[in-house]
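No value in this document is a laboratory result; all are computed from the given coordinates. Bear in mind the structure is a predicted one, so any value in this text is a computation, not a measurement. Quick reminder, even Gly has a Cβ in these numbers, built from the backbone with ideal geometry, and neighbours come from all protein chains shown.
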Amino acid sequence: MAIDVKKFWSDLNNINPNDPGGWPWPIKIAAFLAIFIAVIVGGYFLVWEDQWNEWRGAVAREAQLKDTFLTKKREAINLDLIRKQLLDTQQSFGALLKQLPSKAEMDELLREINQAGLGRGLQVDLFRPGRESVKGVLTEVPISITVEGSYDDLAQFASDVSQLSRIVILTDISISTKDATAGSPSTLSMSATARTYRYREATEVTAGQKGKGGRR
C-alpha cells in the first residue's frame with residue numbers, strides 16, 4: 001500500500017501530542033519505530049556497550065588461554081622425553097667420570113701404565129710424568145714414555161694401555177729402529193706421550209677460583 005507523503009506530513013503537523021491514541025496509523029507506526037530505534041541506540045550506549053566490550057575481552061582471553069594451554073600441553077608431552085634424555089646424559093657422564101682417576105688414584109694409574117710395559121717384556125728407558133694442565137673441569141696429566149722391544153710387543157703394549165680401566169691416550173708416537181747385534185733380532189724404540197685425565201676435586205676448583213680472584 002502506497003503512502004501519501006503530503007497527507008503524512010500534513011497529519012504529522014496536525015497531531016495532538018497529548019492524544020496519541022487519536023493519531024493516524026502511519027504516524028503511530030512511525031512513532032513506534034522511532035521509539036524502538038531510540039531504545040536500541042540508548043540501550044547500546046548506556047548498557048550494552050560495556051557488556052559488548054566485556055564479551056569481546058572474554059573472547060580474546062579465551063583465545064589466549066587456548067594458546068597457553070596448547071603450549072603447556074606440548075611442553076608436558078616433551079617433558080618426559082627431556083627427562084629421559086637428561087637421565088641418559090647423567091648416566092653417560094657418570095660412566096665417563098668413573099674412567100677418570102682422582103688425584104689419590106693417579107699413583108696407581110702410573111704403576112698400571114708402567115706395569116703394562118714391563119708385562120710385555122719391554123725395556124722401559126723413560127717414564128716421566130709431566131706437568132699437569134687444567135682443561136676446564138679436568139686436569140690433563142702427560143707422561144713421557146720411551147720403551148724398547150719388538151714390533152709385536154710394542155703393539156700389544158699400546159693395546160694394553162688403551163684397555164686400562166682409566167682413560168689413557170697415546171699421542172706423539174715416534175718409532176725408530178735400533179742397531180741389531182749379530183744374531184739378535186732388530187729392536188724398535190718407541191717414544192710417546194701417554195695422556196690421562198683426572199677430574200678436579202672441589203678443593204682444587206675453589207683454590208683455582210680464589211687464585212684468579214687474587215690476581216685481579
> Which value in nm describes the separation of the simple spin-label points at residue 40 and residue 61, placed 7 Å from the Cα toward the beta carbon?
Replying inline: 3.0 nm
> Around residue 78, with a cut-off of 14 angstrom between Cβ atoms, what is the net charge of the other residues, counting Lys and Arg +1 and Asp and Glu -1?
Replying inline: +3
>> Please report the net charge: other residues with Cβ closer than 13 Å to the Cβ of residue 171, K and R +1, D and E -1.
In response: -1
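Residues with beta-carbon under 10 Å from that of residue 189, excluding residue 189: net charge, scoring Lys, Arg +1 and Asp, Glu -1?
Overall, the nearby charge balance is -1.
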> Between rounded, prolate and oblate, where does the stretch 103-205 land on the alpha carbon gyration tensor, with a ≥ b ≥ c its root eigenvalues, rounded for a/c under 1.5, else prolate if a/b exceeds b/c?
Replying inline: prolate
>> Given R₀ = 30 Å, what would the calculated FRET efficiency be for residue 83 paired with residue 137, taking r from the Cβ atoms and rounding to 0.05?
In response: 0.80
